[in-house]
Amino acid sequence: MNKDCLIGFSLGVGVGAALGILLAPRSGEKTQKMIGRKIRKSTDYFQDQASGLRDSAADLVEKGKEQVARHRQAFEHAYKRAMA
């Protein structure tokens with residue numbers, strides 16, 4: 001998909017969403033409350049996902065450090081045996 005097509009598609013989605021909100025059968029106040037709730041839910045969801053990713057990344061870093069330490073010990077042991 002080329003850049004112009006992507007821009008046109010994005011613009012169309014935005015205009016369609018705006019018209020859908022404006023022409024919806026709800027009052028403006030109800031629509032604003034609904035949008036606010038959805039934004040809060042989305043924010044909470046993304047914060048939870050980010051927290052989970054941070055925890056996973058921290059676990060992977062820790063496991064990586066452990067692996068490096070093990071390989072280093074094995075290398076040092078092999079080096080000492082080779083030099084003896």
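Things worth noting here:
- Residue in the stretch 15-35 that is of a type outside the set (A, V, I, L, M), surrounded by 10 or more Cβ atoms within 10 Å (Cβ to Cβ), within 24 Å of the chain's Cα centre (by Cα) and in a helix (DSSP H, G or I) present: no
- Residue match in the stretch 36-50 (condition: loosely packed, with under 10 Cβ neighbours inside 10 Å and either of a type in the set (Lys, Arg) or in a helix (DSSP H, G or I) (or both)): no
Values quoted throughout were computed directly from the atomic coordinates according to the rules given, and no laboratory measurement underlies them. Computed from a prediction, not measured in an experiment: that's the story for all the values here. Here the Cβ is made from the backbone with ideal geometry for all residues, glycine too, and neighbour counts use every protein chain on show.
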